[in-house]
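To start, the structure itself, in structure tokens.
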Amino acid sequence: MFLVERSAFRTLVRGRAFASQSAFSDLGPTWAPMEQLQATFDEVLLRPWRFPPHVQELHRMAVLERQQRQRVVDQAPVAAERQALLARKVVYCIMGRESPRVQVCVTKVSAAQDFMERSLHELQRAAAAAQSGKLPKRRSNAAKSGLALEHPENLLLYVLESLASPDIPYHRICQERLRHWALRETTSAHSSSLMELLQRDYELAWIGCNVNFILGLMAFASCLVSFSCVTWGAVSRPIACTVLATECLIISIVNDGVVQGDGRAGGVRFGCNLFSLCKRYIVLLAYHAWHGQRLTLALSFCFVILAIHSLVRLQLAKQND
């Protein structure tokens, strides 16, 4: 993610840049992604409604917590437009923009420095494992689900609270506050139904599982039809009709389930039939390929388009012959 020369990185983290509240641009081009993460954090504080529900819920919890902690520890260093990612002695979290994955961290240095060190360390371990041909062992303090290695556009660094106090030593409260937030990270925003939770946080995963499973069954049945036509000749007709009847029954049952949704009038629904479900699945895939910078997902779309183009050319060639 951040390809930093080791000597340059050590110069930066050992320097005095983190002691001041200077802009990230003063630290050189290496820290440009952190400037983007800082701008996103400020945007969450000022306009949280622009972000997904899981980000809004975390922000709501953090605001209430900071208000309660203000009587004990001053929370001004982590306010909006205060370069909060450069504030020292903080609890912060690494979270995905599109998913509720969260990793809570506590650091004596700044969140920016701690995150860069984690990212560099994970890159070094991954490179060493690739050279040795062995998979790296998972450590308890490793970046959860590879969050530290994600692209900055897919991440948010959110400073949960400040622990900098002249009266309370950092080492006395850091682990306690880390455990406090680690217990809260497993909670999610309230949902009135399971379908609402799936639609809000897991829509792509849920629709993807259903669409791929149903289409897989139908593709398998279609393979039986083609096999019977090639192998058994005249007997293949009743076999093909039986399989096609089964496919129509599957589609009918799926359509009824899609229309019912969560079973309530005006409740949550992912579509009105199997076709609309497939359409929604393609839209979600395209959105994640475009905004998430997922190269393999974008390539899959390219190969599908190439396959359709090849089939059209073959069909046109046959008609011309």
Within the range 305-319, can one find any residue that is surrounded by 14 or more Cβ atoms within 10 Å (Cβ to Cβ) and small (Gly, Ala, Ser)? no
When you check Cys278 against the structure, is it surrounded by 14 or more Cβ atoms within 10 Å (Cβ to Cβ), modelled with pLDDT of 85 or more and in a helix (DSSP H, G or I), yes or no? yes
Kindly indicate whether any position in the range 85-102 is closer than 18 Å to Pro48 by Cα, out of contact with any Cys (no Cβ under 8 Å at 6 or more places or on another chain) and among the small types (Gly, Ala, Ser). yes
Within the range 245-265, the residues that are over 14 Å from Ile214 (Cα atoms) and among the aliphatic types (A, V, I, L, M) are Ala245, Val259, Ala265
Counted residues, the range 44-87 - those being assigned to a helix (DSSP H, G or I) and among the charged types (D, E, K, R): 6
Some residue of the range 121-136 being buried (at least 18 other Cβ atoms within 10 Å of the Cβ) and closer than 30 Å to His171 by Cβ: yes
Only one of (1) farther than 24 Å from Asp201 by Cα; (2) not in a helix (DSSP H, G or I) is not met by Phe270, so which one is it? (1)
Looking at the range 33-60 only, could you name the residues that are in contact with a helix residue (DSSP H, G or I) (Cβ under 9 Å, 6 or more places away or on another chain) and either among the charged types (D, E, K, R) or over 22 Å from Leu86 (Cα atoms) (or both)? Glu35, Asp42, Glu43, Trp49, Arg50, Phe51, Pro52, Pro53, His54, Gln56, Arg60
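The values are calculated or read from the model by the stated rules, or taken from the named source; none is laboratory data. This is a predicted model, so every value here is computed, not measured. Virtual Cβ from ideal backbone geometry, glycine too; neighbours counted across all protein chains shown.
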